[in-house]
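Visitor: Here's a structure for you.
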Amino acid sequence: MTDLRKVNIDGKEYEMPGRYTLMQACEEAGAEIPRFCYHERLSVAGNCRMCLVEWVGAPKPMASCAMSLNDLRPNRDGSPANIRTNSDTVRKAREGVMEFLLINHPLDCPICDQGGECDLQDQAIGYGRSETRYDEDKRAVEEKNMGPLVKTVMTRCIQCTRCVRFITEVAGVEELGLVNRGEHAEITTYLQANLTSELSGNVIDLCPVGALTSRPYAFSARPWELRKTETIDVMDALGSAIRVDARGSEVMRILPRLNDEINEEWISDKTRFVWDGLKRQRLDKPFVRVNGKLRPASWDEALATVAEKLQGDPDKIGAIAGDLADMESVKALKDLMENLGVRSIDCRQDGAHIGEQGRSGYIFNSGIAAIEEADAILLIGTNPRVEAPVLNARIRKAWLEGDAQIALLGAKSDLTYPHTYFGNAPSDLESLSTKKHPFITAMRKAKNPMIIVGMDALSRADGAQILRAVGKLAAEWKLVREDWNGFNVLHSAAGRVGALDLGFVPLKGGMNTGKILKAAQSGELDTLFLLGADELPMDQIKDTFVVYLGSHGDAGAHRADVILPGAAYTEKNASFANTEGRWQQTRAATAPKGDAKEDWKIIRALSDHAGRTLPYDTVQDLRKTMSTPKDEVFDPAKLGAAGKIKAAVFAPSSRSFWFTNPIARASEVMAQCASAQVTQLEAAE
């Protein structure tokens with residue numbers, strides 16, 4: 001049992017763990033403690049002084065965030081220390097602190113984007129004086145260039161240093177700092193450079209005043225005008241909890257929600273700022289290609305055209321599901337293809353060699369939150385900083401707070417934490433078990449060892465052989481036990497795990513993605529149905545008739561002969577399974593654009609035209625047909641396929657972090673971020 005301490009808070013005695021800060025103890029007792037610099041996930045700074053409480057008998061009020069119950073001594077008669085959170089002394093102290101904080105604040109609330117959501121506004125009313133006594137000139141601070149995402153009005157800054165601590169501790173990129181002293185103190189980026197972290201937008205949420213706000217959202221709306229919808233993110237495979245704020249038919253911003261098991265309270269910059277891509281390059285009506293040119297068509301005409309093409313030889317028809325395909329549409333498409341006798345279906349656009357040997361062979365078995373429990377982590381063919389920035393912050397947290405040892409075998413990259421680098425030769429996998437190295441020793445002795453293998457490894461031509469080698473390592477190092485499964489696959493596509501769960505892989509005798517493309521190139525494939533699949537080499541699809549169902553005019557729509565406009569993830573109630581296999585649902589924040597429909601409804605209507613009517617009319621009936629595959633006893637040594645691993649090294653992914661899907665590629669903000677990144681890299685060289 002934790003060492004307990006007795007304390008008297010506002011006249012009532014409590015017994016709490018001694019490690020509790022006074023702030024935690026007071027809030028546990030039901031008292032409200034104002035604060036600006038303190039944050040539960042950051043180190044204690046103790047520099048705003050707004051959280052002052054009275055320790056009866058002490059010469060002055062105490063900062064409750066920086067003092068623990070263990071620091072309190074009992075009264076002389078042996079009774080517990082008395083803490084007061086609502087006495088006259090506390091009230092006057094907080095009023096004084098608030099006066100100092102407001103001395104140089106510009107009080108420009110009417111034009112501040114933080115208006116209505118500002119901690120300083122709220123606490124000034126609750127804990128400040130009713131009028132000011134300051135009549136001197138106020139200081140002004142020059143704005144800082146932090147890039148295309150974060151807008152600065154540093155005159156408003158109260159030097160709480162939350163942003164500095166987040167960028168340093170959580171993001172792991174030391175690009176913000178406090179310079180000078182006294183009234184000349186100001187927070188700035190080093191050498192006026194842009195923030196390069198993929199998590200930089202979180203400083204906007206952390207800022208308790210309007211010093212750091214969203215540049216793309218600036219002057220667009222007030223919080224009370226917005227309709228708020230709690231949903232999940234699909235920009236990576238984590239399924240982060242988010243809130244979509246919309247006005248009318250337009251998404252205005254995306255914010256994080258608290259979910260300790262997945263994203264804590266952080267989201268990546270792509271998740272936060274991709275919303276402008278939801279209104280650009282949208283497909284809002286069906287199109288049919290006539291004489292080489294796409295022209296608008298009615299739904300009946302478009303569906304009838306597709307249905308006619310699906311009546312051909314089922315062996316010459318294929319279907320590929322894209323990275324953002326929801327589970328309802330995948331299930332409906334699979335059912336339709338099976339009814340038509342089509343066996344060539346696949347959800348692995350990149351050709352990843354996963355899904356053949358049970359569910360535990362393709363999910364993140366440990367769970368995202370369990371990363372913090374790991375004491376040795378081996379990364380293989382992955383760059384989590386780019387593929388899943390929030391998960392990468394978890395790995396950094398395991399190193400920072402749990403002293404986890406980390407190693408990388410793959411393309412060299414800055415992961416924001418120290419790690420052993422084993423090179424980028426996949427052939428080294430087979431020699432790792434016999435290699436004499438401190439990290440290998442640590443993996444063998446670790447209580448909770450973990451391997452994270454990424455798509456850079458599994459999507460290679462020899463991905464099945466690499467998976468086999470990784471599985472053998474996992475078995476030899478005893479990563480899979482009754483109380484722990486340290487074998488993890490990190491996906492980068494939000495729709496991949498759900499599609500694998502539903503079995504959207506080649507049926508017996510069917511072709512996978514690679515073979516489907518070869519058949520299309522050689523003219524052996526008559527019809528190809530693309531469910532939001534845009535990451536394919538479209539130039540390989542020669543004379544094949546292409547049907548594209550998706551939300552954006554991207555690569556798939558450009559090649560299509562018929563376009564069926566679907567809904568984006570913010571416009572439908574749909575299911576996704578994240579990289580750890582957790583089934584989650586999006587919620588519609590706005591209606592689909594124009595004549596667009598939810599994807600599964602389009603496929604259901606298509607089944608009518610094709611004479612293969614699917615047996616469900618509502619999404620509830622459809623979901624009843626969806627179930628998680630039963631996983632047998634997991635033996636990592638049986639994963640993959642025998643064969644020789646090729647000598648070709650792990651090359652850095654050519655895909656930009658900002659352009660991984662059609663929505664991101666349609667975003668003007670993502671384009672600005674990519675351009676700023678290139679400019680900064682060129683300047684560094």
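The values are calculated or read from the model by the stated rules, or taken from the named source; none is laboratory data. Note that the coordinates shown come from a computational prediction; the quantities given were computed from them, not determined experimentally. Here Cβ is always computed from backbone atoms with ideal geometry, including for glycine, and neighbour counts include all displayed protein chains. What goes into the accessible areas is simple: the full protein's heavy atoms, side chains included, and nothing from ligands, DNA or RNA. Shrake-Rupley method; radii C 1.70, N 1.55, O 1.52, S 1.80 Å.
Visitor: Filter region 162-178 down to the residues that are in contact with a strand residue (DSSP E or B) (Cβ under 6 Å, 6 or more places away or on another chain) and either open to solvent by 10 Å² or more (accessible area, probe 1.4 Å) or farther than 24 Å from T416 by Cα (or both) and list them by number.
Guide: Listed by number, the residues that qualify are C163, V164, E175, L178.
Visitor: A further question follows. If only one of A647, A651 is open to solvent by 70 Å² or more (accessible area, probe 1.4 Å) and more than 29 Å from L502 (Cα to Cα), which one is it?
Guide: A647
Visitor: Filter region 536-581 down to the residues that are surrounded by fewer than 24 Cβ atoms within 10 Å (Cβ to Cβ), assigned to a loop (DSSP other than H, G, I, E, B) and basic (K, R) and list them by number.
Guide: Within region 536-581, just K542 meets the criteria.
For every residue, the table says whether it meets (1) in contact (Cβ under 8 Å) with a residue 60 or more places away in the chain; (2) touching a helix residue (DSSP H, G or I) at 6+ places or on another chain (Cβ under 6 Å); (3) open to solvent by 10 Å² or more (accessible area, probe 1.4 Å).
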residue	(1), (2), (3)
M450	yes, no, no
A457	yes, yes, no
R460	yes, no, yes
G486	yes, no, no
V505	yes, no, yes
G509	yes, no, yes
I516	yes, no, no
Q521	no, yes, yes
E524	yes, no, yes
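Visitor: Being open to solvent by 20 Å² or more (accessible area, probe 1.4 Å), outside any loop (DSSP other than H, G, I, E, B), in contact with a helix residue (DSSP H, G or I) (Cβ under 9 Å, 6 or more places away or on another chain) and under 21 Å from R19 (Cα atoms) is the filter here; which residues of region 70-102 pass it?
Guide: Across region 70-102, the qualifying residues are D71, R84.
Table: residues versus (1) over 30 Å from D617 (Cβ atoms); (2) open to solvent by less than 30 Å² (accessible area, probe 1.4 Å); (3) free of Cβ contacts under 8 Å to residues at least 60 places away in the same chain.
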| position | (1), (2), (3) |
| --- | --- |
| L340 | no, yes, no |
| H353 | yes, no, no |
| E356 | yes, no, no |
| Y362 | yes, yes, no |
| E373 | yes, no, no |
| A376 | yes, yes, no |
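Visitor: For region 656-674, name all the residues that are open to solvent by 40 Å² or more (accessible area, probe 1.4 Å) and in contact (Cβ under 8 Å) with a residue 40 or more places away in the chain.
Guide: Initial filter on region 656-674 (open to solvent by 40 Å² or more (accessible area, probe 1.4 Å)): 659, 665, 668, 671-672.
Selection gives R665, E668, Q672.
Visitor: Sticking with this structure for a sec: In region 363-378, is there at least one residue being within 25 Å of T660 (Cα to Cα), outside any helix (DSSP H, G or I), touching a helix residue (DSSP H, G or I) at 6+ places or on another chain (Cβ under 6 Å) and not hydrophobic (A, V, I, L, M, F, W, C)?
Guide: No: region 363-378 contains no residue that is within 25 Å of T660 (Cα to Cα), outside any helix (DSSP H, G or I), touching a helix residue (DSSP H, G or I) at 6+ places or on another chain (Cβ under 6 Å) and not hydrophobic (A, V, I, L, M, F, W, C).
Visitor: Cβ-Cβ below 8 Å, separation at least six or inter-chain, first residue in region 249-269 and open to solvent by 10 Å² or more (accessible area, probe 1.4 Å) and small (G, A, S), second at pLDDT 95 or above and not in a strand (DSSP E or B): which pairs?
Guide: From region 249-269, the pairs are S249/T590; S249/A591; S249/K593.
Visitor: Do you know which of the residues in region 152-189 that are of a type in the set (V, I, T) and under 30 Å from G402 (Cβ atoms) is modelled with the lowest pLDDT?
Guide: Filtering first and then ranking leaves T189.
Visitor: Could you list all residues from region 661-683 that are among the β-branched types (V, I, T) and either at pLDDT below 95 or more than 19 Å from the chain's Cα centre (by Cα) (or both)?
Guide: Selection gives V678, T679.
Visitor: Right, another one. Of all strands (runs of 3 or more DSSP E) completely enclosed by region 1-69, which ones contain at least 3 residues that are within 21 Å of G96 (Cα to Cα) and of a type outside the set (G, A, S)?
Guide: 52-55
Visitor: Also, quick follow-up: Do we have any residue at all in region 594-607 that's open to solvent by 70 Å² or more (accessible area, probe 1.4 Å), among the hydroxyl-bearing types (S, T, Y), at pLDDT 95 or above and over 28 Å from the mean Cα position of the chain (by Cα)?
Guide: no
Visitor: Another one. Give me the residue from region 270-287 that is more than 20 Å from N202 (Cβ to Cβ) and open to solvent by 10 Å² or more (accessible area, probe 1.4 Å) and, out of that set, farthest from the chain's Cα centre (by Cα).
Guide: F287
Visitor: Give me the pairs, please: first residue somewhere in region 215-232 and hydrophobic (A, V, I, L, M, F, W, C), second residue anywhere and outside any strand (DSSP E or B) and open to solvent by less than 10 Å² (accessible area, probe 1.4 Å), beta-carbon distance under 6 Å, and either six or more positions apart or on two chains.
Guide: Qualifying pairs under 6 Å: I232/G239; I232/T586.
Visitor: Something else: Going by what's in this entry, would L336 be described as open to solvent by less than 10 Å² (accessible area, probe 1.4 Å), in contact (Cβ under 8 Å) with a residue 60 or more places away in the chain and part of a helix (DSSP H, G or I)?
Guide: Here the answer is yes, as L336 does meet what is asked.
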